Structures are given as structure tokens and as C-alpha cells.
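**Q** The structure is given below, and queries will be raised subsequently.
Where a number appears in this text, it was derived from the coordinates with a stated rule and is not lab data. The model shown is predicted, which means the values in this text are computed figures rather than measured ones. Cβ: placed from backbone, ideal geometry, glycine included. Neighbour counts: every protein chain shown.
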Amino acid sequence: MVTATAFVPESLVPRWIQIFNDWNPITYPFEVIRSLVITGYDRDAPGKALLAIGIMGLGLQAAPLRAFRRLTR
């Protein structure tokens, strides 16, 4: 989460951080908030953010459920 684009726009960070941020799910909500504050509403940003949050949420819920099932067998 340290390399997330919370404080600096993605265009201003080094290329290796840009590549990492493409796979970092927290980047997309930050981009939505930044675009709302600075430039106004961006049509594409909320969809990407919701998709990233949904995928991250499914992964974070599936892992503990799987571990719990193993423990209760």
C-alpha cells in the first residue's frame, strides 16, 4: 500500500511503481477520489474502482472461509 497513488498522481511516479499500481486494487478508489476533487466526475473511474474492490473483497472473504472449513473438519 506504500506505493499506492494516494499522494502523487500515477503519471509522476517511476515506471516500476506505475506497473505495480496497475495490479494494486487500492489505486482505483484513490483515483476516483482524486478525480472527484480535482477535475470532477469521470465516467470510467467508479466502475474500475468498484470492480477492484469487489475482486479484493471476494479474495479476502474466500481465504478465511476456506481456512475455517479446514479447521472444522
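**Q** Filter region 33-54 down to residues that are part of a helix (DSSP H, G or I) and of a type in the set (D, E, K, R), then give me how many there are. Give the derivation first.
**A** Step one: of region 33-54, the residues part of a helix (DSSP H, G or I) are 33-38, 44-54.
Now restrict to residues that are of a type in the set (D, E, K, R): 34, 44, 48.
Matching residues across region 33-54 total 3.
**Q** Restricting to region 10-45, and then to whatever is in contact with a helix residue (DSSP H, G or I) (Cβ under 7 Å, 6 or more places away or on another chain) and touching a residue at least 24 places away in the same chain (Cβ under 8 Å), can you tell me which residue is nearest to GLY59 (Cα to Cα)? Reasoning before the result, please.
**A** The initial filter retains those residues of region 10-45 that are in contact with a helix residue (DSSP H, G or I) (Cβ under 7 Å, 6 or more places away or on another chain), namely 10, 18, 21, 25, 27-29, 31-32, 35, 42, 45.
This time we only want the ones that are touching a residue at least 24 places away in the same chain (Cβ under 8 Å), so: 25, 27-29, 31.
Working: PRO25: 12, THR27: 17, TYR28: 17, PRO29: 17, GLU31: 22 Å.
Of everything passing the filter in region 10-45, PRO25 is nearest to GLY59 (Cα to Cα).
**Q** Every residue in region 33-51 that is surrounded by 13 or more Cβ atoms within 10 Å (Cβ to Cβ) and over 14 Å from the mean Cα position of the chain (by Cα), please.
**A** SER35, LEU36, ASP42
**Q** For a quick check of your reading of the model, give me the residue pairs whose first member lies in region 48-73 and is within 19 Å of PRO25 (Cβ to Cβ), whose second is among the aromatic types (Phe, Trp, Tyr), with beta-carbon atoms closer than 8 Å and at least 6 apart or on different chains.
**A** These pairs meet every condition: LYS48/TYR28; ALA49/TYR28; LEU51/TYR28; ALA52/TYR28; ILE53/TYR28.
**Q** Now for a different question. Being within 12 Å of the chain's Cα centre (by Cα) and assigned to a helix (DSSP H, G or I) is the filter here; which residues of region 6-32 pass it?
**A** Matches in region 6-32: PHE20, ASN21, ASP22, TRP23, THR27, TYR28, PRO29, PHE30, GLU31, VAL32.
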